[in-house]
Every structure is written in structure tokens, then in C-alpha cells.
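The values are calculated or read from the model by the stated rules, or taken from the named source; none is laboratory data. Bear in mind the structure is a predicted one, so any value in this text is a computation, not a measurement. With ideal geometry, Cβ positions are generated from the backbone for all residues, glycine too; neighbour counts draw on all protein chains shown.
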Amino acid sequence: MTKITYVTHDSKTHEIDVQNGLTVMEGAVQNDIPGIDADCGGGMACATCHVYVKEEWLDKLPKKEDGEEDMLDMAFEPKKNSRLSCQLIVSDDLEGLTVDIPSKQA
Amino acid sequence: MNKTDALIIGAGPTGLFTAHQLKLIGLDCEIVDNLDKIGGQCIELYPDKPIYDIPAVPECTGEELTNNLINQLKPFDIKFHLSERVDEVKKDTDKWIVKTSKGKTFSTPNVIIAGGVGSFEPRKFAPKECEKFENKSLFYSIKDKKIFEGKAVTIFGGGDSALDWAVELSKNSKVNLVHRRDEFRGAQATVDQVKELEKSGKINVFTKFQLSKVNGSNEIESIDIKHDNNEIKNIETDYLLGFFGLIMQLGPIANWGLNIDKKTIQVDTEKFETNQKGIYAIGDICTYPGKLKLILSGFHEGALAARACFKLARPNEKYRFEFTTTSSNLLKRLGKKSD
């Protein structure tokens, strides 16, 4: 289990223990965290699990594949610290990761 | 008013195979889809990406899968209504009256929703004021390129649509191209063409910029764009075009009185019927215990929903299960000779 903090658009924080091996997206969906739609189910075929990661985490996360960057072009208000949460696999290395959920996905 | 035994909403793989199943058991059907082409997510999201988990098909792309399904429908006469969204589904005694965005109406005992994750709609600009300019001086698709002649046009996006239009419009307009990062994901040849046009001063390219504000009361006068480093630039422009791809919206389906849970429709696993008699949901849009969002599951769900349609479309006949290998009935419908 790894602690992941989801901050929803209303500034509420949700600290969740997510099983290692799941994605940050799955951790949110399974715990009913609002704001992560994940329309395609984690296939990197949409951009509705888009999150902003805290700056200090940017370099610690595995690099984006091209496909993820392409999908982020279609996200709502992408920023430098944008990621698709379906591409972030939870492991001990992610202990304490905080992600901000955008005001909307679609 | 179009009368049909079953109306399918969605021309993706699930909708296509369900049409096959309906025609095979002797029912007629029509298909409505909001996209301008057949194939749904397969053709819109991943036409070139290989799929490896279609039974008996070791590998095929989204486009190949779509073409194979269309070929499989060749023996049958099926009417497609593309670029039309189903807006309304209303009960009228034992029939459903279905209305589309283009004003067509259907009367049918069976409505099969094979709508994927809803209808594809263009992803829009974020700033609120954009809405009031929409379809006047701000567009997400181009119907008449003549209106841009001699004007300043600012295009946002980094894919093929944005690049193709930047190249095309640069012939007769002053074109600015704005994208959120340095890399463009369009075809390399078009990217090169844009770079050439940038060098010769035909296109101004702004990368790592996004739209922050639109200025103007009735017409757009200028826009503010913001760099990753927070620098703001003001650009004079007459028109704004956004090509951020399509997103999926559940849309009007939410208003049809169906049990909806997290953008999916609850169904039973015998008929794939919703809480409304004669309305079925199959493929990615349906949910039930154990649901898998796989194309193969959609095929199974469609086959069963089609049999359920038979009861409502032919209340006085009995459905008889038959194999295509042996049934002369089915072979006749397929246009084959039986031995």
C-alpha cells in the first residue's frame, strides 16, 4: 500500500492507501474520488484521467511516452505538470504523491 | 417517420455486429451515429493501432476491424444516418419515437444504445468568454473556408487538423499557429511544410503558449496567449480556430430515464435491456456485474440484445435458434446457396 493524496477541485484532500501495481487513476476510481472519469478505462486513448502532479514530483515520475503527450494535447487546460493518471503505476517510490484534479475533464 | 424493427445508436464495432445479428434473424434495422464516418472509437481514436484480442483475428488495426465488419454487412441492406445525434427518445404506447439532431424521426419497438462513451464532440477552449464568439468568429471545424480570405486567423492545436488548416489558410490569410508544446503530433510532411511556411513568413508559430483571454465585444479583436513561463503576448486576430481533437460526452442519453451509473447504463445480462422495456445498452456504454470493456464483450451483448428485439418486433412469431452453417433460412438471408 502506498499513500496517494488526491486534491479535488473544491480543495478537499483525499488521502488514499492504494495497492501497489494499480495506477493512480484506478486508485481514484475504486475509491470514488470525483473528477477522474477515465472514459477509455486506462488505455491511453482519451484524456479524462488528467491530473496535475506537484512540481517536486515531476522529475521523480517515469517519463511520459509520446502517446501520453499526444493525448494531453486534448486535455482540458493542460500544464507543464500535467500527467495522465492511468500511466502512473503505484509503487513504494510514489509514497506521498499528491495530484490535483482539474476542475473538469470534458 | 421512419419505421424499423430496431434502431441502433452508434456505428462502432458493437453496433455494426449487432446490425448483422438483427438482419440475420430477419429483422430490419437502421443505425445513427454522430460521427461523419462508420467505426466509432476504432476509427476516431485508434485507426492505425493494432488490436490483438479479437477472437480468431491475431492482429488488426481499428480501421481493418471496421472494414471487416462493414464487409460482413454486405449481404444486408442497412441504412446509416451519419453526422446525426439522437437527441430524444420518447415512449408512444408500445413504440419508441426517436428524434435526431437533423430532425429525422423513427418509430421502433427496439432502441439499442451502442454509444461507446457517448458522442464525440469537439474539445473546446477553456476561457469562458469563448462561448459568445462560437460559430461567429470562433470555430472548432471549418465549413466555408472563404470567410477567412484576407483575414487574420489564429489556429490552436498540434495535430493534423490544426496543421493542415494552417497550411491551407496561409494561402489567403494571415495565419498564427499556437500550440502548447514544441512538438507537433501531425504527419511529418505537414510539420515540415509548416516549418517552411514559418521561415518564409507565411505562418507565425507560437509554441508553449495557450489561450488565456479573448478580447472584443461582438467580434474578436485580439487574444492574449500565455507562455509556460507566464509571459503574455497579445495577438490581433479576426478569427479563432481550435483543433484539440474530440472528446466523448454522454450528452442527451442522460435524459432518457435510464439508470445511469458513472456514465454507463445499467442492464440485465439476459437481454442487455435497461430499466426501460425495449431500450437496450451494449458495448462500452453498458454496465453489469463483471462487465469487461472489450470489443468481444460488445459482440456477445449485441447478439443477445438482437434476440430480445425479435420478441418485441415480431410478437406473434416464435424465434427459432439456427446455425449459419446449416440453416437454409439464414443462408438465404446471407445471399448464399444452401447445399
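Of these, B:161, B:173, which one is at pLDDT below 95 and more than 22 Å from residue B:229 (Cα to Cα)?
When all the criteria are applied, what remains is B:161.
So that you can scan it fast, the table gives a plain yes or no per residue for (1) of a type in the set (D, E, K, R); (2) closer than 16 Å to residue B:310 by Cα; (3) not assigned by TED's automatic domain parsing to the domain that holds residue B:300:
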{"position": "B:15", "(1), (2), (3)": "no, no, no"}
{"position": "B:18", "(1), (2), (3)": "no, yes, no"}
{"position": "B:32", "(1), (2), (3)": "no, no, no"}
{"position": "B:36", "(1), (2), (3)": "yes, no, no"}
{"position": "B:50", "(1), (2), (3)": "no, no, no"}
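Restricted to segment B:143-164, and to residues that are buried (at least 17 other Cβ atoms within 10 Å of the Cβ) and in contact with a Lys or Arg (Cβ under 8 Å, 6 or more places away or on another chain), which residue is farthest from residue A:77 (Cα to Cα)?
B:152
Identify all residues within segment B:104-129 that are over 20 Å from residue B:44 (Cα atoms) and either more than 24 Å from the chain's Cα centre (by Cα) or at pLDDT below 90 (or both); write none if there are none.
Answer for segment B:104-129, where residues must be over 20 Å from residue B:44 (Cα atoms) and either more than 24 Å from the chain's Cα centre (by Cα) or at pLDDT below 90 (or both): B:109, B:126, B:127, B:128, B:129.
Determine whether segment A:39-54 contains at least one residue that is surrounded by fewer than 17 Cβ atoms within 10 Å (Cβ to Cβ) and either touching a residue at least 60 places away in the same chain (Cβ under 8 Å) or over 28 Å from residue B:285 (Cα atoms) (or both).
Scanning segment A:39-54 turns up at least one residue that is surrounded by fewer than 17 Cβ atoms within 10 Å (Cβ to Cβ) and either touching a residue at least 60 places away in the same chain (Cβ under 8 Å) or over 28 Å from residue B:285 (Cα atoms) (or both).
Would a scan of segment A:4-21 turn up a residue that is over 14 Å from the mean Cα position of the chain (by Cα) and acidic (Asp, Glu)?
Checking segment A:4-21: at least one residue is over 14 Å from the mean Cα position of the chain (by Cα) and acidic (Asp, Glu).
Looking at segment B:232-268 only, could you name the residues that are within 14 Å of chain A (Cβ to nearest Cβ) and either hydroxyl-bearing (Ser, Thr, Tyr) or closer than 20 Å to residue B:207 by Cα (or both)?
If the condition is that a residue be within 14 Å of chain A (Cβ to nearest Cβ) and either hydroxyl-bearing (Ser, Thr, Tyr) or closer than 20 Å to residue B:207 by Cα (or both), then B:242, B:243, B:244, B:245, B:264 are the ones that fit.
For residues in segment B:135-158 being part of a strand (DSSP E or B) and more than 14 Å from chain A (Cβ to nearest Cβ), which is nearest to residue B:231 (Cα to Cα)?
Per the criteria, the residue is B:154.
Sort out which residues of segment A:68-90 are among the hydroxyl-bearing types (Ser, Thr, Tyr) and either in a loop (DSSP other than H, G, I, E, B) or away from chain B (no Cβ under 14 Å) (or both), and write them in order of number. Step through it out loud before you land on a result.
First pass over segment A:68-90, keeping only residues among the hydroxyl-bearing types (Ser, Thr, Tyr): A:82, A:85.
Matches in segment A:68-90: A:85 only.
Would you check if there is a residue in segment B:59-67 being within 23 Å of residue B:280 (Cα to Cα) and more than 14 Å from every other protein chain (Cβ to nearest Cβ)? Steps first, answer last, please.
The first filter runs over segment B:59-67 and keeps only residues within 23 Å of residue B:280 (Cα to Cα), leaving B:66.
Add one more test, that the residue is more than 14 Å from every other protein chain (Cβ to nearest Cβ), and what stays is B:66.
Checking segment B:59-67: at least one residue is within 23 Å of residue B:280 (Cα to Cα) and more than 14 Å from every other protein chain (Cβ to nearest Cβ).
Mind counting the residues in segment B:123-166 that are among the hydroxyl-bearing types (Ser, Thr, Tyr) and in contact with a strand residue (DSSP E or B) (Cβ under 6 Å, 6 or more places away or on another chain)?
Let us first name the residues in segment B:123-166 that are among the hydroxyl-bearing types (Ser, Thr, Tyr), namely B:137, B:140-141, B:154, B:161.
Next, only the ones that are in contact with a strand residue (DSSP E or B) (Cβ under 6 Å, 6 or more places away or on another chain) stay: B:137, B:140, B:154.
Total satisfying the criteria: 3.
Which of the residues that make up segment B:9-24 are touching a Leu at 6+ places or on another chain (Cβ under 8 Å) and either farther than 18 Å from residue B:281 by Cβ or not small (Gly, Ala, Ser) (or both)? Step through it out loud before you land on a result.
So the first thing to find is which residues in segment B:9-24 are touching a Leu at 6+ places or on another chain (Cβ under 8 Å), and the list is B:11, B:13, B:16-17, B:19-20, B:23-24.
Of everything in segment B:9-24, those that are touching a Leu at 6+ places or on another chain (Cβ under 8 Å) and either farther than 18 Å from residue B:281 by Cβ or not small (Gly, Ala, Ser) (or both) turn out to be B:13, B:16, B:17, B:20, B:23, B:24.
Looking only at segment B:225-259, count how many residues are among the small types (Gly, Ala, Ser), over 15 Å from the mean Cα position of the chain (by Cα) and outside any loop (DSSP other than H, G, I, E, B).
Of the residues in segment B:225-259, 2 are among the small types (Gly, Ala, Ser), over 15 Å from the mean Cα position of the chain (by Cα) and outside any loop (DSSP other than H, G, I, E, B).
Consider residue A:23 carefully, then state whether it is more than 13 Å from chain B (Cβ to nearest Cβ) and surrounded by 15 or more Cβ atoms within 10 Å (Cβ to Cβ).
Yes, satisfied.
Within segment B:310-326, is there a residue that is surrounded by 21 or more Cβ atoms within 10 Å (Cβ to Cβ), more than 14 Å from chain A (Cβ to nearest Cβ) and part of a loop (DSSP other than H, G, I, E, B)?
No, because not a single residue in segment B:310-326 is surrounded by 21 or more Cβ atoms within 10 Å (Cβ to Cβ), more than 14 Å from chain A (Cβ to nearest Cβ) and part of a loop (DSSP other than H, G, I, E, B).
In segment B:103-124, what residues are surrounded by fewer than 22 Cβ atoms within 10 Å (Cβ to Cβ) and outside any strand (DSSP E or B)?
B:103, B:104, B:109, B:123, B:124, listed by residue number.
Given the structure, is residue B:101 in the same structural domain as residue B:306 (by TED's automatic domain parsing), touching a Lys or Arg at 6+ places or on another chain (Cβ under 6 Å) and within 20 Å of residue B:44 (Cβ to Cβ)?
Yes; evaluated as a whole, the condition is true for this residue.
For segment A:32-57, which residues satisfy the criterion of being more than 13 Å from every other protein chain (Cβ to nearest Cβ) and assigned to a loop (DSSP other than H, G, I, E, B)?
Listed by number, the list holds a single entry, A:54.
Among the residues of segment B:173-213, which ones are farther than 18 Å from residue B:141 by Cα, in a loop (DSSP other than H, G, I, E, B) and either within 12 Å of chain A (Cβ to nearest Cβ) or among the polar types (S, T, N, Q) (or both)?
Scanning segment B:173-213 gives B:180, B:181, B:182, B:183, B:184, B:185, B:200, B:208.
Considering only segment B:35-46, I want to know if a residue exists there that is assigned to a strand (DSSP E or B), surrounded by 15 or more Cβ atoms within 10 Å (Cβ to Cβ) and away from chain A (no Cβ under 14 Å). Outline the logic, then answer.
First, pick out the residues of segment B:35-46 that are assigned to a strand (DSSP E or B): none.
Within segment B:35-46, not a single residue is assigned to a strand (DSSP E or B), surrounded by 15 or more Cβ atoms within 10 Å (Cβ to Cβ) and away from chain A (no Cβ under 14 Å).
What's the number of the only condition in (1) in the same structural domain as residue B:145 (by TED's automatic domain parsing); (2) in a strand (DSSP E or B) that residue B:265 fails to meet?
(1) is the only condition that residue B:265 fails.
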